[in-house]
Structures are given as structure tokens and as C-alpha cells.
Amino acid sequence: MTTTAAAAGTWQFGDLTVNRLGFGAMRLMAKADGTPSDRKTAIEVLQRAVELGVNHIDTAAFYFSNLRSANELINTALAPYPDDLVITTKVGPGRDPAGVWLHVDTKDGLRGQVEENIRQLGLDRLDVVNLRIGQGLERGTGSVRARFEALAELQQEGLIRHLGISNVGAEHLKEALDIAPVVCVQNQYGLVTRREDDALIELCAEHDVAFVPFFAIGAAVPGASPFGPANEAGKEVIAEVAGRHGATEAQVRLAWTLHKGPNVLAIPGTGNPAHLEENVAAADLRLTDEDLSHLDTIG
């Protein structure tokens, strides 16, 4: 029997219900080795993801290469969209048509990014918009007030249904919650990455906010190892747990993420149909207390 994303359970983005195992669209741009993706395969992966019960897809207008645009692929593959599909996007960083990174922090600039996502996805309004702080993987600093207030105004205008924040710390969540409801925090986090966010997960849970890790099972750069030099020993621990369950190491990392709490989601991305099936199957992988204790020895 095929496992579906529903096996991971559900969470609420405000009035929207999503399966905790979702899909990240960034990996549609290139293969694991960094070479360009195949357009037909990328579309098939998106369609298969929905068939497997994925109803939460994360994207951004700045997810594009010289050949592919994630938003265009999503629109082509899935429109007209299923009623239960929630598409989450993010604004703040941007890229010009040549791919050069831009920092967008004005009210008009953020409106333009929201409207760009609406246009590309073929929607009347966006389900969830995350205000992303900074570029790359460096954790954002400074106040989010002015930018989050600008998005809250767009929400009041009906362009956005729900708001979130990304690449942030606890201070940003507290500041944002004083302005408008926050449905999710999206940060880099995983078994071997950014474990300082364990406390932020608890803060999110206190406020019924979803914590949505990115790069939970992979590296930021295609082809690179998700393990830092100090964590190479962690491979052996993960492999041992995977062997006990007849699972892949990626599935163990995903299952560990989902075990961190009912408000913790996962959005693994891939352009490979077989990897998609494996990722979704992780929704049904139940780790034992012994497994979790063993995995938590990884430093």
C-alpha cells in the first residue's frame, strides 16, 4: 500500500489545513549534481506529489534558473489548483531578470513581489506569504516591524490570506506577533543543522505557530554534503537507525524532523520522482525512543 503525506498528520495555517509532509519547489530548478532539470520530469514530480497527498507546496518568485521558474512549473502542472492545496511563498529577497540578488524592504517593493507571485501562480491572492529576512543562509538581523506591517496591510487588502516569517530568531517572532497573526516560521533546521532553534520550536508551539524547516535533509548547494566537517560521524548513527527500519538515511532525517513536535512540518524538495516517493514514505516512519536518543547524540 502506498504511503501518502497524510500519514504525517496535519497542522493548521490559520483556517487552512495542511499535511505536515509537504514539498519544497526550489529543487525543481536543477538535478542533485547541479545540472539543469528536465522540464517534463519536474512537472511530473509536482503532479505526483499532489497524487501522494501533498497539499502544501513552498515556492518563491526568486526560484528560477536560466531555464526554469518554479512558479511557472507549479502553475503549468497543477492549475486549476485542488481546493485543499496551500501554496506558500516568500518575499524580501529578490532577483532581477539576470538573476542578480536584490534586497527589497520598501512597502512598494514588497507589494510588487506579492503581485509578481500572484501573477506567476495565476491566483487571486496568496495563501501564505513569509517575510524572509536577509539572503542566503545567514540568519537575518534587525527589526521586522516596518516590513511586516507592510505585508499586514496587503493582507487587509485581500492580497494575502496568512502571514509567516523566515530566517529569523525568537525576537522576530515576538515582534511580528505584536503586529498580526503569524501562522509559520520557516528556518533552516535539521538533525545536523541549526539545532539552536530547538528553543524557537517550543516558542512557536506556545503560540500555535508552525515551524517549517528547509534543507532538513539536504545541503543548500546541489551536490554538497548536508553534514559539516564536525558531523561526519553522524552518518554512522543515521545509517544504523535507517538499517533497523529498512529506511533510507534521508527518510530518517525527515522522520526525526517530524518527531520534533506536532507543529513541526517538513518541505523536502526534489526533482527526482523516486526520491519524491521516498520522501513521502517517510511520513509513515515512526522512530522509537531509543532511535531518537541515539540520533540526539549527533553533535
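The values are calculated or read from the model by the stated rules, or taken from the named source; none is laboratory data. Quantities reported herein were computed from a predicted structural model and do not represent experimental measurements. Note: ideal-geometry Cβ built from the backbone for every residue, glycine included; neighbour counts use all protein chains shown.
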Region 263-284, residues that are surrounded by fewer than 23 Cβ atoms within 10 Å (Cβ to Cβ) and either over 27 Å from D33 (Cα atoms) or in contact with a strand residue (DSSP E or B) (Cβ under 6 Å, 6 or more places away or on another chain) (or both): N263, V264, D284
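Each row is one residue, and each column tells you yes or no for (1) among the β-branched types (V, I, T); (2) within 18 Å of the chain's Cα centre (by Cα).
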residue: A250; (1), (2): no, yes
residue: A255; (1), (2): no, yes
residue: H259; (1), (2): no, yes
residue: L265; (1), (2): no, yes
residue: T270; (1), (2): yes, yes
residue: V280; (1), (2): yes, yes
residue: T288; (1), (2): yes, no
Residues of region 171-187 classified as buried (at least 21 other Cβ atoms within 10 Å of the Cβ) and assigned to a loop (DSSP other than H, G, I, E, B), total: 2
Restricting region 99-111 to residues that are hydrophobic (A, V, I, L, M, F, W, C) and either closer than 20 Å to S143 by Cα or surrounded by 15 or more Cβ atoms within 10 Å (Cβ to Cβ) (or both), the residue that is modelled with the highest pLDDT: L110
Evaluation of M1 against (1) in contact (Cβ under 8 Å) with a residue 24 or more places away in the chain; (2) part of a loop (DSSP other than H, G, I, E, B) (one fails), failing number: (1)
Filtered residue count, region 22-39, keeping only those that are in contact (Cβ under 8 Å) with a residue 24 or more places away in the chain and either over 30 Å from G112 (Cα atoms) or part of a loop (DSSP other than H, G, I, E, B) (or both): 7
Region 53-71, residues that are within 16 Å of F23 (Cα to Cα) and charged (D, E, K, R): D58
Residue, nearest to the chain's Cα centre (by Cα), within region 188-238, restricted to residues that are modelled with pLDDT of 95 or more and assigned to a loop (DSSP other than H, G, I, E, B): V209
Of all residues in region 40-76 being basic (K, R) and without any contact (Cβ under 8 Å) to a residue 60 or more places away in the chain, the one that is surrounded by the most Cβ atoms within 10 Å (Cβ to Cβ): R68
Breaking point among (1) over 28 Å from R253 (Cα atoms); (2) aliphatic (A, V, I, L, M); (3) modelled with pLDDT of 95 or more, for A49: (1)
Residue satisfying condition, being touching a Cys at 6+ places or on another chain (Cβ under 9 Å) and of a type in the set (S, T, N, Q), within set N75, N130: N130
T257 being closer than 22 Å to A6 by Cβ, assigned to a loop (DSSP other than H, G, I, E, B), of a type in the set (S, T, Y) and in contact (Cβ under 8 Å) with a residue 12 or more places away in the chain: no
Tally, over region 156-165, of residues that are touching a Leu at 6+ places or on another chain (Cβ under 8 Å) and not in a loop (DSSP other than H, G, I, E, B): 6
Matching option when the condition is within 19 Å of the chain's Cα centre (by Cα), modelled with pLDDT of 95 or more, not in a helix (DSSP H, G or I) and not acidic (D, E), among V114, V168: V168
